[in-house]
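Encoded as structure tokens, the structure appears first; notes follow it.
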């Protein structure tokens, strides 16, 4: 395994707390570099792995935001209120 690949493989645990904007900016930089540079295959693979990891982080952050938005509802006074997430499967209640 190459040094570049080892470094990319050691990163999966990182990034869970990376802000969405930072992950997206890094992902965009990787895409630009891959499109514009003549990179060796190993470097391309390492960047692809890193890009895949960043894309998953971005997708997760977007899914979390979408869930929170869906949970917002107005209370009796018309004020926005966050209702608790229903983690259990609705079909189990039937």
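Details
- Residue match in the stretch 54-63 (condition: over 22 Å from residue 20 (Cβ atoms) and either at pLDDT 95 or above or surrounded by fewer than 13 Cβ atoms within 10 Å (Cβ to Cβ) (or both)): no
- Residue count for the stretch 1-47 under the criterion of being in a loop (DSSP other than H, G, I, E, B), modelled with pLDDT of 90 or more and loosely packed, with under 12 Cβ neighbours inside 10 Å: the result is 2.
The values are calculated or read from the model by the stated rules, or taken from the named source; none is laboratory data. The model shown is predicted, which means the values in this text are computed figures rather than measured ones. Reconstructed Cβ throughout: ideal geometry from the backbone, glycine too, with neighbour counts over all protein chains shown.
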